[in-house]
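This report refers to the structure that appears directly beneath it.
What follows is calculated from the coordinates using simple rules that are stated; it is not laboratory data. Values in this document were obtained by computation on a predicted structure and should not be read as measured data. Neighbour counts run over all protein chains shown; Cβ positions are idealised from the backbone, glycine included.
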Amino acid sequence: MLIRPLASLAALALLSASGFCFAQEPKFQSKVINRETPGHAVEIDVDVTGAKELYLVVRDGGDGFGADWADWAEPRLVTPSGEKKLTEIKWKSAGADWGNVAVGKNAGGDAMKIAGKAVEYGIGTHANSVIGFDLPAGTTRFKARGGIDNGGSGQPLGSSVQFAVYTQKPPVQVTQGSVPAGGGSREAKDAVSGLDVAEGLEALLFASEASNPAMLNPTSIDIDHLGRVWVCEVVNYRHRKGERKEGDRILILEDTNGDGVADKQTVFHQGTDVDSAHGICVLPTPSGKGTKIIVSANDNVFFLHDEDGDLKSDKKEMLFTGIAGTQHDHGIHAFHFGPDGKLYFNFGNSGNQIKDKDGKQIVDLAGNEVTAARKPYQEGMVFRCNMDGSEFETLGWNFRNNWEIAVDSFGTLWQSDNDDDGNKGVRINFVMEFGDYGYKDQMTGAGWQSPRTNMETEIPLRHWHLNDPGTVPNLLQTGAGSPTGICVYEGDLLPEIFRNQVIHCDAGPNVVRAYPVKKSGAGYTAETVNILTGARDNWFRPSDVCVAPDGSLFVADWYDPGVGGHRMGDADRGRLFRVAPPKTPYKVAKVDVSTVDGAIAALKSPNEATRYLAWNALHEMGEKAEAELAKIAKWKKPPVQRSDASDKDGPSATLRARALWLLSKLKTKGLLHVAEALQDGNPDIRITAIRAARQLVNAGAGQTPVQSNVGDQGTTITFEELMIRSQLRDVMTSTPIPMEVLRETAVALRHSKLPSKPLYWAQLATRHDGKDRWYLEALGLAAEGNWDACIAALKKLEPADAKPESAFANPVARDLIWRGRGTAEGTNTAKALAMLLASDHVSAADAPRYVRSLDFQPPSQQKDDALIQLAFGNFGDEAKTKFINTEAISRLKGFDVSKNPAQMAALNRVLDGVKGQPQFITLVEKFNVADRFPDLLALAQAKPDDQIGIDSVKLLLDKKANDLLSAALASDNDKGRSALATATALSNTGDVNASPLLLPVVKNDKAPADLRRQAIKGAARSKPGATEILKLAESKAFDDTFAPALSAALQAAPLDAAQKTLVATLFPAPAGKDSKPLPPLSELAKLKGNAGNGQKLFATTGKCATCHIVNGEGKEVGPNLSEIGAKLSRQALFESIVFPSAGISHNYEAWTIVLNNGTTQTGLLVSEDGEKLSLKGIDAIVRTIAIKDIDERQKNTISLMPADLAKLLSQEEMADVVEYLMTLKKAKK
């Protein structure tokens, strides 16, 4: 799919900041010149006959980067007396966005070079730049080379500029200096020029802050059957809460003349109850009277009713309450009306729980309380319920921030999910119902960064535990971003590639995309096709997308300099765009649902609200509409089992599905219609029928007797039996059955109580090919809670003389064992895994996969026996044996192996093999191998600043190996290097027990000075140690050379207020780098920097790399910044540096943990289970704390990122760092 720029590249130099052509045309205009341009330059030869003035213009090339150094090389004039160097004429005006305009020098004051070659003479400058001259009389031509100087092209981001020549003063927009990234304007009238739109489409501005009245900051939109756009307009968001005292608003925007621009605005509701609303769903009536909307705001979901049709809310009715995540992006999101007449919605991982309108905790149809307490649900979740909140179902869980759910006409669910910022792990999910989606560890709740066996190599995959059994795979991963609104496009106005596809907003990379899917086994594959991108305006932050009744798309634009960290940099702007084929008027057909034909016409609409009207009208008509609906739903008689069946020349499959859903709701005949559809020739209709049948079972119809239409035709069976058996008629034959049908059949077994469920599951399992992960996970969720019976049933299908070992050669059997959770004798999965690992069918390379599966097996004696077998066994291959022994021993509960020489020998072999690795520490601790304590000390001394060294010495402290540590501190071996390394490791633990060991060193004036300084640092980390050191300092027990170490240690120590005052008196803080007050952020954002210098500052003076990773370099404490330039604007980056606590990204909030012994630890919560938590400090060291040792914990409102960078960096240096950060964007392929 090609992307058609709304403003052609050739016209960029003619565009003002607003993007419109100027009346004053240039005499010359180059293409974009960059490092790809031959010679990095363009030849210029312009006729200027008759002109009196000459203006040389350099503009940014459209990528928004900052290293746009430009040279006018060998500029000369052709005059009556011959050629004259322009450098010999004094300009009358000159300006540049950065650096200086200079003769004979580049913008940085150095020699001019283009493509590595010296420039003989010329003028150096930097985009954006205008230089004006008065021409000598009779001048006829201007000649020069316009090139990018090495000062810019040599920087990591390179240069990208355009040269232009004017003979009259250029328009003011050209001369006004800095422009937004990509040359875009911030003005609403120029909004469209900042965007690129897919071929065959155009975007028009429907409403904005410039509308009369204005519309600001849309977070969520919906469109009714009349084409009116309903908007959640949010100003009172997070730190701006309370700015609009009257509260936020629900607006209705109308285009009354069909020109595609809103010309009427109605305030439906305003109040603090809709502050920071994140979702709206419009449920209209034909007359307008009784129209209601569902608003998702803060901790509530409620209806607002318009009882008299005047477009004003008259009554508020609660639907759900008690949802956490108030004023939080990870809380409750928008509701949608499904094709089945139910509501679909989700919340992110701050939602935590949901209660009914009276505050009572909801228990879903599965019998579980809907909370994130891992019983069984955790993190973000997806839900379905009736319009009144009844028949509540939890459809998926373990997401991070699943922003919005979209449901298509077949009942298939689609959504996006955001990663922890900076990990390039944004994903799109097909939500297979009742699945776990892997954000946190299923069994322990540990975070994705916590070490585990068979950990994914790539971080974006590791982020979702994709190698773990029980995790449903992702449809697509899209890299870094901040995903928001989503819909399914089931219209026919847009080009074919977008029809029946997911349309999605991602505010991070400023894009609206489609994800065309193809069926693949029981799942799907997808590609990415851009629809709308902020190519020249990186404030474009699409927050929602909806389909209008005419099939056009509406895109809400939050419009802001940044995204993430729950910030709002701009509260005064917001846009709505309409996307449709060029010159398509906005015309909405009249809707009349008073007749069957009219209601069916409305049911065909691509607009959700229109279909809601149709659904309710047809549902109310009941059997009066049955005949016409049946004509649609049953349009095609099978061929049964055709996976390629199509609906050509008849009603679309989507319309057939919509009709089937309605037929399924008929009180007396619904079951019969669904029973017939269960054998439809179109797989999509069959999966719709299975889903409809499941709902009927949930509603109590499962035991209804019906006539069997499969196998034993004519016999009476229950409707639930029919639902399953109709799909399994040929499952034990070679007859092809669409895998998506078998997948949905497995899903239907999830909560089934049928006595034959294990047999049905076993029959489904025979269709697994050993490769289809979607299908394997469908089998897994179907067997949940009934694994032993299912495994036993599968064994009965095997030949009577089959041996367990023979099954291991079959990849299908290996897959099912890996996914299994059997616990009983004869079906125990742990035992089967041990046998499989011991077999020749698992190589050393494959072993991690099956060992990891052991972590998902419930505790049992069989599991313990299996681990012992693996821990001390020999499996032929040396590498395989070493790995399995090590992993199994690490999983065993500690026991005394000293009395068993064979086991002790095996343990020592394992310890020798993992010396220097984390497992070594774990095993020494678990089996209390005191003989290996010296090895731990050696490891700590070798790597005192690394996690493994710190963990080693921490274990020695826990084991009270004080004599060993004291001796090491007193040692003068290696010229004291070992003692210093020991002190460093002890200091890095932050453990209160280190202070008594370090204080003697502090007080020993005979000890080496560097050793004492390190001991000061470590001892001061506990209050007793810091108190003792402060007393010594006050008594002048140290000479002046220790002042810096004492100052740093005591200022960071856990002291009381009086002690801190004393520290400040003894050791006054140094002055900042410069005393200049910082200007407003808007002014800072105008500063141009040197990206090359910024890269150096990032790694040195600014100390940014001590907490952030860029392209694999640095330490991982704060968010990964490898693509931050695509996510935040220049102003937002300055804000993050100057005010780091103003917006803290979710999951990067600091916690302070107070221990029972009075010491404190501060850092990021990496993971937590029922027994311990892991905290990553600003030093990137992870410290594990037992829950029982915690006295108090508190989430901080202050970021771990230092707030005093202005003391380290001057304004100019900050600009350099920001310039560098702006270059960090996704690599173009």
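A compact table of results
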| read-out | value |
| --- | --- |
| Over 18 Å (Cα to Cα) - which of 92/169; 292/342; 1017/1060; 1017/1172; 863/959; 52/169 fall in this group | 1017/1172; 863/959 |
| Difference of contour (0.36 nm per residue) and Cα-Cα distance, residue 530 to residue 703 | 57.4 nm |
| For peptides 335-347, 464-476, sequence by mean Cβ density within 10 Å, most packed first | 335-347, 464-476 |
| Residue 771 versus residue 915: modelled label distance in nm, points set 7 Å from Cα along the beta carbon direction | 4.6 |
| Percent of Cα pairs exceeding the 59 Å cut-off, where the set is the chain | 24 |
| Protection-proxy order for peptides 39-51, 986-998, each taking the mean of Cβ atoms within 10 Å per residue, highest first | 986-998, 39-51 |
| Scattering curve values for the stretch 252-339, log₁₀ I(q)/I(0), Debye with Cα scatterers, q = 0.25 Å⁻¹ | -1.24 |
| Candidates per trypsin sites (Lys or Arg not before Pro) in the stretch 235-328, loop by DSSP, up to 10 other Cβ within 10 Å | 245 |
| Sorted by Cβ neighbour density within 10 Å, fewest at the top, the residues 135, 253 | 135, 253 |
| Kirkwood hydrodynamic radius of the stretch 937-1066, Cα pairs, Å | 14.5 |
| Relative packing of 533-543, 119-129, which averages over residues the other C-beta atoms within 10 Å, highest first | 533-543, 119-129 |
| Neighbour-count order for 232, 281, fewest beta carbons within 10 angstrom listed first | 281, 232 |
